[in-house]
Amino acid sequence: MYAYIKGRLMEIDGENAVVEAGGIGYNIKMQSDGISRLPSVGTEIRLYTYTSVREDAIWLYGFLSREELAMFRLLITVSGIGPKGAQAVLSAISTEDLRYAIYTGDVKKIAKAPGIGAKTAQRIVLDLKDKVTFDEVLGVENTELQRTEDGYGENRKEAVEALTALGYAPSDAVKVINAVPDADQMDVEQLLKAALKQLAFL
């Protein structure tokens, strides 16, 4: 129904934000992580929205970015995952890390979200794995990514995977690999050494 709502943030009540636009106060449900990132009351904001229509209620769900909304839409296509479950996942795991967890089949990471057990996390991976590509993990969610004409080089992909296996967040791994000078001229081992040197100074 609404792509987004732009207006003045009037109230924050639990996990609801009231935004006034055109003289109307919209009550918008948000995940706890999104609520914590809202500006102070009285500030002009834009929330990307999803309208949930049920027999007994109509709810607006709001997100601070299009990427969060897109992931929310993906999550609610999974059997057994409703809007509340999708919000719980997005509150516990950043959008970029969730994409990477789905791509790599990291069920344990997804299962850490409140109310999401191992079986549900496994269903999320099975249902969404084909809908998340590595290029999306690197290129869509990370604005720091600088593509070459041939895409994100295989050596850099392997280096990102290696850093993630060492425990670094995918978003941090992408940032540091992108910051390595002449990365496209290096093999995986050289990239890893250069990246780890940079990480040591962070």
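The values are calculated or read from the model by the stated rules, or taken from the named source; none is laboratory data. It should be emphasised that the depicted structure is a prediction, and the values quoted were computed from it without experimental measurement. Every residue, glycine as well, gets a Cβ built from its backbone with ideal geometry; the counts of neighbours run over all protein chains shown.
Failed condition for K119, given (1) surrounded by fewer than 18 Cβ atoms within 10 Å (Cβ to Cβ); (2) in contact with a helix residue (DSSP H, G or I) (Cβ under 8 Å, 6 or more places away or on another chain), with all others met?
The one condition K119 does not meet is (2).
Condition first: in a loop (DSSP other than H, G, I, E, B), among the small types (G, A, S), modelled with pLDDT of 75 or more and over 19 Å from the mean Cα position of the chain (by Cα). Now tell me which residues in the stretch 133-182 satisfy that. Explain how you work it out, then say what you get.
As a first pass, look at the stretch 133-182 and keep what is in a loop (DSSP other than H, G, I, E, B): 133, 140-147, 149-150, 152-153, 166-169, 179-182.
Among the residues that remain, those that are also among the small types (G, A, S) are: 153, 167, 169, 179.
Retained after the next criterion (residues that are modelled with pLDDT of 75 or more): 167, 169, 179.
Result: A179, single match.
Looking only at the stretch 1-50, how many residues end up being of a type in the set (A, V, I, L, M, F, W, C) and part of a strand (DSSP E or B)?
12
In the stretch 99-111, which residues are under 15 Å from G85 (Cβ atoms) and more than 15 Å from the chain's Cα centre (by Cα)?
Answer for the stretch 99-111, where residues must be under 15 Å from G85 (Cβ atoms) and more than 15 Å from the chain's Cα centre (by Cα): just A111.
Enumerate the helices (runs of 4 or more DSSP H) found wholly within the stretch 77-124, keeping only those where 2 or more residues are in contact (Cβ under 8 Å) with a residue 40 or more places away in the chain and among the hydrophobic types (A, V, I, L, M, F, W, C).
Numbers: elements: 83-92, 95-104, 107-111.
The helices (runs of 4 or more DSSP H) meeting that bar are 83-92.
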